[in-house]
Amino acid sequence: MTGEPEPVSPCVGICFLDPATGYCLGCLRNMAEIAGWYEAGTAEKRAILAQLDQRRRLGESRMPSAAAASRR
């Protein structure tokens, strides 16, 4: 054990899957990432969180309205 805390779920309680992207509008995870979160190991959770950061950055650079919605 490394002593690092277990990653916290990125769920923000806004659960709606965008049919165009397949990502939740609240946390930006896809259905597989949402469904498997509690069974995933620490390394897998950290990898998912890193992907979410990348998705968020890409979304902000491509869709300013999505960035504004994520700050609400």
So if I check each of ALA68, ALA40, which one is at pLDDT below 95 and among the aliphatic types (A, V, I, L, M)? ALA68
Where residues in the stretch 15-31 are touching a residue at least 24 places away in the same chain (Cβ under 8 Å) and within 18 Å of ALA47 (Cα to Cα), which of them is surrounded by the most Cβ atoms within 10 Å (Cβ to Cβ)? LEU28
Within the stretch 3-14, of all residues that are at pLDDT 95 or above and either acidic (Asp, Glu) or over 8 Å from the mean Cα position of the chain (by Cα) (or both), the one surrounded by the most Cβ atoms within 10 Å (Cβ to Cβ) is PRO7
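The values are calculated or read from the model by the stated rules, or taken from the named source; none is laboratory data. All values reported here derive from a predicted model rather than from experimental measurement. Cβ sites come from the backbone with ideal geometry, for glycine too, and all protein chains shown count toward neighbours.
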